Amino acid sequence: MVTSIIQAPSILKDSASKAEGNFALNLIDLPTTPLFGTDGIRGRVGELLSAPLALQIGFWAGIVLRTHANNPGPIILGQDSRNSSDMLAMALSAGLTAAGLEVWYLGLSPTPCVAYLTSISDAIGGVMISASHNPPEDNGIKIFGADGAKLSPTLQAEIEDLLRGRKSSVADVSHYGRHYSRTELVKDYAEALKKPLLSAGNLQGMKIVLDLAWGAAVELAPLVFQEMGAEVICLHNQPDGDRINVNCGSTHLEILQAAVKEHNADIGFAFDGDADRVLAVDNTGRQVNGDYILYLWGHSLQQKQELPDNLIVSTVMANLGFERAWKQVGGKLIRTAVGDQYVQAEMLRTGGMLGGEQSGHILCRHFGITGDGLLTALHLAALVQRGGVSLSSMVDQSFQTYPQLLRNVRVEDRSKRLGWKDCQPLQQAIAHAEAAMGDAGRILVRASGTEPVIRVMVEAEVSELADYWTNELVSRVQQYLAA
């Protein structure tokens, strides 16, 4: 065995042309802002994301994962249906195998499938190629540790330091890994989804509509629901890289809502492109977001004394109506920054077993280790089945939401977007709005970690107040950042 010191070059064009050691790197441009956001590395394909960058991410991620591993295990690699996903997956695999790692390639698979298989196998990490709910022209790279959780910020920073030439690494690179197709492993994930629910019955007699967003769950989700006994009606159920998330899925519920009413279904579920999140539609065609899912699932766990401290972990986006109703039934709510990795971290810190986001990322540590749209949908359907009443009745008996408006303002300039807190006129406008609203509402302005937008959220006791201040702040973002 030969141990080499691999010196990562700066990968800006005016830097040295290759690494010391036996792995040469092509020179590419990188933005000066951080690569890793709230959910991995995400951006426009051909601009931020390219095959050369994916190759280098694969190599340096492989070096970092090997360095911190306790065994020489494989990497689990999956992808969604985007046209660019094949290209990025193969480039990543080339980098990983160049780092001496074995790659188990799943092909089309949900993100939670990669996380689950990583956690139960000897794998030292997992990688998913997907931009979740983003449009087809975007893509992303999500990296998981050996435990199936999102890679820690410390290890993300280590990978980025190597990519940018800010750090050297010592690693055995005397051999190369192999790439294996392991598509059969997806069945193990499907069985794990069903197993906890089989003892309590099945979904026999339920009619369920699934909007699969032309994405990663098109093959798996219908099969799992049918095997659980449900009658399944599918929308957007082919892998289509040109149409993934386009006017469908968890960010566009209109078609699902109409289909639930047309087919007189019990419930509908809309997934995003990689199926790590889900929103529901009740039997009347009404949206049921993550706040309601958390409340209903939390109440069920609370009744079975399976919710430590009656704690739910959510984010700053959680509706005040949800928070106050949960406290009225003896519950406790902790808020984190937006992003399921922050929710997961807080759950691990506090011992919480249930958490998630209003947008549909739901984590229940009784059954999984990461946000999982299929798992969440199956358990919510089972709650309705066991409850003997419609989902609309369950929602009506839970809580009333406060009027909450969320507007996205596209800000293409990455430096302006990430540095929005330094814009003093905007900060003054936000402070003025908060002072004017007082206890009658709350304001949240933030840069998205997954899209080139600034998100403006205003929540108030009356809709007129929310409308007014949303419009005011959106106009200020447009004036100072988007112009």
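The values are calculated or read from the model by the stated rules, or taken from the named source; none is laboratory data. In this text, all values refer to a predicted model and were calculated from it rather than measured experimentally. Here the Cβ is made from the backbone with ideal geometry for all residues, glycine too, and neighbour counts use every protein chain on show.
Descriptive notes on the structure:
- Taking helices (runs of 4 or more DSSP H) as the structural unit, those lying wholly within the range 148-236 and holding at least 3 residues that are at pLDDT below 95 correspond to 153-163, 186-198.
- Within the range 256-275, at least one residue is touching a strand residue (DSSP E or B) at 6+ places or on another chain (Cβ under 9 Å), buried (at least 20 other Cβ atoms within 10 Å of the Cβ), more than 22 Å from Leu391 (Cβ to Cβ) and among the acidic types (Asp, Glu).
- Ser199 assigned by TED's automatic domain parsing to the domain that holds Ile120, among the hydroxyl-bearing types (Ser, Thr, Tyr) and over 18 Å from Asp266 (Cα atoms): no
- Residues in the range 110-143 that are free of Cβ contacts under 8 Å to residues at least 60 places away in the same chain, among the hydrophobic types (A, V, I, L, M, F, W, C) and not in a loop (DSSP other than H, G, I, E, B): Val114, Ile129.
- Among the residues of the range 54-77, just one is more than 21 Å from Thr154 (Cβ to Cβ) and modelled with pLDDT under 95, namely Pro72.
- Selection of the range 65-81 for residues being touching a strand residue (DSSP E or B) at 6+ places or on another chain (Cβ under 8 Å) and either surrounded by 24 or more Cβ atoms within 10 Å (Cβ to Cβ) or closer than 21 Å to Gly107 by Cβ (or both) yields Leu65, Pro74, Ile75, Ile76, Leu77, Gly78, Gln79, Asp80, Ser81.
- Cβ-Cβ under 7 Å pairs, at least 6 apart or on other chains, the range 444-465 side closer than 18 Å to Gly40 by Cβ, far side modelled with pLDDT of 90 or more and aromatic (Phe, Trp, Tyr): Ala447/Trp420
- Residue pairs whose Cβ atoms lie under 7 Å apart, sitting 6 or more positions apart in sequence or on different chains, and linking a residue in the range 398-424 that is on the phi < 0 side of the Ramachandran plot to a partner that is buried (at least 16 other Cβ atoms within 10 Å of the Cβ) and among the hydroxyl-bearing types (Ser, Thr, Tyr), are Ser398/Tyr292; Ser398/Tyr295; Phe399/Tyr295; Leu405/Thr470; Arg407/Thr470; Cys423/Tyr480.
- Extreme residue, farthest from Ser463 (Cα to Cα), among residues of the range 301-321 that are of a type in the set (A, V, I, L, M, F, W, C) and in contact with a helix residue (DSSP H, G or I) (Cβ under 8 Å, 6 or more places away or on another chain): Leu307
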